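I'd like to ask you about the structure that follows.
What follows draws every value from the coordinates through simple rules; no lab data is involved. All values reported here derive from a predicted model rather than from experimental measurement. Cβ: placed from backbone, ideal geometry, glycine included. Neighbour counts: every protein chain shown.
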Amino acid sequence: MLYFQFHIGDWESGTRLMTPIEKGIYIELLVYYYAVERPITEEECKRIARGYTNAEANALAYVLQTHFDKEGDSYRHQKCDEVITEYHDISAKRSQAAQKSVEVRRKRKSQRGAVANASHDALANASTSALANASAKCDANNQLTINHKPLTINKGKGGSNSSSLARVRETTPPELFDVPVGEADPDLAEAATPTKRASTKKRGTQIPYDTLPDDWAAEAERIAPDLDARLCFEDFRDYALRDGAVYKDWTAAWRNNLRSMPEWKRVNFQKSKSYADLSHRVMRLPKDQRAQIWNEPDEAKQLALLEAFENGQNQL
């Protein structure tokens, strides 16, 4: 066997009373047992466990006594035998199933070949017989109706040949001419099946702009009028290219970026220096006071609120 399952729970319960040396000897014996798929001889046990010291020899004797059954000069492990037997049973069943599958495919292939050959032979025989009958009838008719007049070109091309082909068509079974696709050969039916149409579902793309579009600038002015839209776009584009971001709607992603931008980051994108100075001072205040200032749209009132909070007043 190339591998075997190792159940931690079974191992812990079965080796709880063993010493580390005994556990090491036990696992060595199990690995060798599964490798050779047979009971281990006494000499092999000694060499596997390297039982040369008294402690190792005593450990080996304990493991063999408690977990193996002695049969002659060999030691058998019941659980290992069950696993090996099950492994060989499964391998045999899989081999039989594979062989059966190969035989079924060969049989189907030979049947399809026989059907195709029979159809071809039947069509050829029917066509030959019909042509012979048509030729005989044509010769008899000519012998009965000889008028010593030359045949025209139209009669020479369309008369006997077309009538002969028509008689072949009439005397040949229709199923040899009109064979529905897929009935004679399953492979033809599979080839004739229309392919599945490609999905038209929209997929995400990478950021499509190198410079700030006008509609994005308008969205920035509406959502965050205090921010420099150009600086925000450069930061947003660098993030998208760095992380390989893919979106179906980049305009919606741009709006979400403006709405969710943290306050510490907004400081870097303010339109004016006075606004940036205001932001640095606001960041020193408690969170509820910062929110009250940022929610005020008027810059003068924001500055008044800031000075009031800095002076220890909770309100104007």
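Among what's in the range 216-275 and is touching a strand residue (DSSP E or B) at 6+ places or on another chain (Cβ under 8 Å) and of a type in the set (Asp, Glu), pick the residue that is farthest from Glu299 (Cα to Cα).
Asp228
Would it be correct to say that Glu44 is more than 46 Å from the chain's Cα centre (by Cα) and not small (Gly, Ala, Ser)?
For Glu44, the condition - more than 46 Å from the chain's Cα centre (by Cα) and not small (Gly, Ala, Ser) - is met.
Report whether or not Ala229 is surrounded by fewer than 14 Cβ atoms within 10 Å (Cβ to Cβ) and among the hydrophobic types (A, V, I, L, M, F, W, C).
no
Looking at the range 30-62, which of its residues are in contact with a strand residue (DSSP E or B) (Cβ under 8 Å, 6 or more places away or on another chain) and of a type in the set (Asp, Glu)?
The one that is in contact with a strand residue (DSSP E or B) (Cβ under 8 Å, 6 or more places away or on another chain) and of a type in the set (Asp, Glu): Glu42.
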